[in-house]
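Encoded as structure tokens, the structure appears first; notes follow it.
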Amino acid sequence: MTGPTTAEDEVVQLASELIRIDTSNTGDPATVVGEREAAEYVAAKLSEVGYEVEMVESGAPRRDNVFIRLAGADPDRGALLVHGHLDVVPADPSEWSVHPFSGAVQDGYVWGRGAVDMKDMVAMTIAVARRFKRDGVVPPRDIVFAFLADEEAGGKYGAQWLVKNRPDLFDGCTEAVGEVGGFSLTLGEDQRVYLIEAAEKGIAWMRLRARGKPGHGSFLHEDNAVTKLAEAVARLGNHTFPIVITDTVRQFLDQMSELTGLEFPEDDLEGSLAKLGPLSRIIGATVRDTANPTMLQAGYKANVIPSTAEAVVDCRVLPGRQEAFLREVDELLGPDVSREWVTELPPVETPFEGALVEAMAAALRTEDPGAKTIPYMLSGGTDAKSFAELGMRCYGFAPLRLPPDLDFASLFHGIDERVPVDALQFGTRVLDTFLRNS
């Protein structure tokens, strides 16, 4: 176990200060706040220790991204991209026990919106990058550090724009690590596994539209757009898609069986997954496609039947299931409801093997000698979807050793989001070791 480092000393303050910068991403460019201020904060911290920083505005005013490149010992090796996003989802202060943008450090935690999604990893990355520059550390290969805008709305004004318009920023990058992986799950008194994200479902946000004949609300009416839409949305929202076990999920289930002795039979898969506790919400969402209605809009007056009605559905699709998923959706919607994409981002799945995976496992064992690493699939999406388009092998690795009783999954976009102080310091040490040996 290594002793305290300057990076460990800095990381809590960095996380707290980042949280205090309100970077709420509403999805509406007109009401997004704080990304430029956060980018300027990050740029200042990196410039302070001697990095040449490039700030890039990505397709809209004040949607700023920060890039630095640290030269490695072997410039002929593929570079490693370490990426994090600066935006967060909105938060209602009235629902929280602390102000969501206070960055409060109390009760052994750093509190606030972004504490786990993902200003914790951004703070760890800045802390390690600053230490490397101060100490003259030369990693085995080039490392590109990227701090990005707009991830919470799909990256149109962030990673998507950068990949399409500034691919030069990622020259030579063959692998990438980002969020939602490397966190611990306690299985026994002193048995921890660390879940590495090796896959994520596709995002398919679709708008549904039904048309009908407008008229007075008091008349008999057989061509009602609201009725057509409501029936179709109910069919889709109540539909259960088939269980499909992808390679990554199969690896997860097989390795969890070896570690715990639990069985995961396909005829009672969801029942057996429930034995995993809070983690079952994440894993359970990765064994089938989902289509959850989230928005409805129709009409303008109580006694007027409108000519159109619309809904938005949040669909998450497994790798290899895109065509079959759409066939099922169209059958459920029927001929009276049309669909169009609001956002469409593909699934990502990377084999859980190779030197980078071994380096993650070794770095975790340095701080937690009994650590086991297993792959899992994320039911949500990250900027890895964009970087995979450039041919990078993408993983989620934001290492945290968590208390056994912490419901970590509920903190993402949740009330009272927080990260343990000692988990931040643990993650900083692991990330330091990983980047020195990757």
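The values are calculated or read from the model by the stated rules, or taken from the named source; none is laboratory data. Quick caveat, the model's predicted, so the values are computed rather than measured. We place every Cβ from the backbone using ideal geometry, glycine too, and count neighbours over all the protein chains shown.
Summary of computed values
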{"quantity": "Leading residue by the ranking (surrounded by the fewest Cβ atoms within 10 Å (Cβ to Cβ)) among those in region 285-308 that are touching a residue at least 24 places away in the same chain (Cβ under 8 Å), more than 26 Å from the chain's Cα centre (by Cα) and part of a strand (DSSP E or B)", "calculated": "Val304"}
{"quantity": "Of all residues in region 60-79 being surrounded by fewer than 17 Cβ atoms within 10 Å (Cβ to Cβ) and not hydrophobic (A, V, I, L, M, F, W, C), the one that is farthest from Phe145 (Cα to Cα)", "calculated": "Pro61"}
{"quantity": "Lone unmet requirement of (1) out of contact with any Gly (no Cβ under 8 Å at 6 or more places or on another chain); (2) buried (at least 23 other Cβ atoms within 10 Å of the Cβ) for Glu179", "calculated": "(1)"}
{"quantity": "Counted residues, region 204-236 - those being modelled with pLDDT under 95 and within 31 Å of the chain's Cα centre (by Cα)", "calculated": "2"}
{"quantity": "Residues being at negative phi and either part of a helix (DSSP H, G or I) or touching a residue at least 40 places away in the same chain (Cβ under 8 Å) (or both) - total across region 46-57", "calculated": "7"}
{"quantity": "Flag for Leu402 being part of a loop (DSSP other than H, G, I, E, B), within 17 Å of Leu364 (Cβ to Cβ) and touching a helix residue (DSSP H, G or I) at 6+ places or on another chain (Cβ under 7 Å)", "calculated": "yes"}
{"quantity": "Where a residue in region 263-284 is assigned by TED's automatic domain parsing to the domain that holds Leu253 and its partner, wherever it lies, is assigned to a helix (DSSP H, G or I) and among the hydroxyl-bearing types (Ser, Thr, Tyr), with Cβ under 6 Å and at least six apart", "calculated": "Phe264/Ser272; Leu273/Ser280; Ala274/Ser280"}
{"quantity": "Region 367-391, subset of a type in the set (A, V, I, L, M, F, W, C) and in a loop (DSSP other than H, G, I, E, B), residue nearest to the chain's Cα centre (by Cα)", "calculated": "Leu390"}
{"quantity": "Odd one out for Ala7, checked against (1) part of a helix (DSSP H, G or I); (2) surrounded by fewer than 19 Cβ atoms within 10 Å (Cβ to Cβ); (3) not polar (S, T, N, Q)", "calculated": "(2)"}
{"quantity": "Pairs with Cβ under 7 Å, 6+ apart, first in region 27-45 and closer than 15 Å to Gly158 by Cβ, second assigned to a helix (DSSP H, G or I)", "calculated": "Gly27/Ala153; Ala38/Leu18; Val42/Ile126"}
{"quantity": "Whichever residue in region 112-153 is part of a loop (DSSP other than H, G, I, E, B) and charged (D, E, K, R) and, among such residues, is nearest to Ser438 (Cα to Cα)", "calculated": "Arg141"}
{"quantity": "Any hit, region 87-96, residues being buried (at least 17 other Cβ atoms within 10 Å of the Cβ) and hydroxyl-bearing (Ser, Thr, Tyr)", "calculated": "no"}
{"quantity": "Tally of residues being assigned to a loop (DSSP other than H, G, I, E, B) and surrounded by fewer than 16 Cβ atoms within 10 Å (Cβ to Cβ) across region 222-243", "calculated": "6"}
{"quantity": "Residue match in region 255-264 (condition: over 21 Å from Ala371 (Cα atoms) and either out of contact with any strand residue (DSSP E or B) (no Cβ under 7 Å at 6 or more places or on another chain) or surrounded by 20 or more Cβ atoms within 10 Å (Cβ to Cβ) (or both))", "calculated": "yes"}
{"quantity": "The lone exception for Val137 - which of (1) buried (at least 17 other Cβ atoms within 10 Å of the Cβ); (2) among the hydrophobic types (A, V, I, L, M, F, W, C); (3) at negative phi it fails", "calculated": "(1)"}
{"quantity": "Residue within region 131-149 that is among the small types (Gly, Ala, Ser) and within 27 Å of Pro346 (Cα to Cα) present", "calculated": "yes"}
{"quantity": "Single match in Leu364, Leu318, Leu333, Leu356 (criterion: crowded, with 18+ Cβ neighbours inside 10 Å and over 24 Å from the mean Cα position of the chain (by Cα))", "calculated": "Leu333"}
{"quantity": "Residue selected from region 396-416 under the condition under 25 Å from Pro93 (Cβ atoms) and among the small types (Gly, Ala, Ser), by the criterion surrounded by the fewest Cβ atoms within 10 Å (Cβ to Cβ)", "calculated": "Ser410"}
{"quantity": "Residues satisfying the stated conditions in region 58-107, i.e. touching a residue at least 12 places away in the same chain (Cβ under 8 Å), farther than 24 Å from Asp22 by Cβ and part of a loop (DSSP other than H, G, I, E, B)", "calculated": "Ala71, Gly72, Ala73, Asp74, Pro75, Arg77, Gly78"}
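For (1) at pLDDT 95 or above; (2) in the same structural domain as Leu424 (by TED's automatic domain parsing); (3) small (Gly, Ala, Ser); (4) over 24 Å from Leu273 (Cβ atoms), each residue gets a yes or a no:
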site: Ser307; (1), (2), (3), (4): yes, no, yes, yes
site: Val317; (1), (2), (3), (4): yes, no, no, no
site: Leu326; (1), (2), (3), (4): yes, no, no, yes
site: Leu332; (1), (2), (3), (4): yes, no, no, yes
site: Glu340; (1), (2), (3), (4): yes, no, no, yes
site: Arg365; (1), (2), (3), (4): yes, yes, no, yes
site: Lys372; (1), (2), (3), (4): yes, yes, no, no
site: Ser386; (1), (2), (3), (4): yes, yes, yes, yes
site: Leu390; (1), (2), (3), (4): yes, yes, no, yes
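Residue by residue, here is whether (1) assigned to a strand (DSSP E or B); (2) β-branched (Val, Ile, Thr); (3) in contact (Cβ under 8 Å) with a residue 24 or more places away in the chain; (4) within 13 Å of Ala210 (Cα to Cα) holds:
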| site | (1), (2), (3), (4) |
| --- | --- |
| Glu310 | yes, no, yes, yes |
| Val313 | yes, yes, yes, no |
| Arg316 | yes, no, yes, no |
| Pro319 | no, no, yes, no |
| Arg327 | no, no, no, no |
| Asp330 | no, no, no, no |
| Pro335 | no, no, no, yes |
| Glu340 | yes, no, yes, yes |
| Glu353 | no, no, no, no |
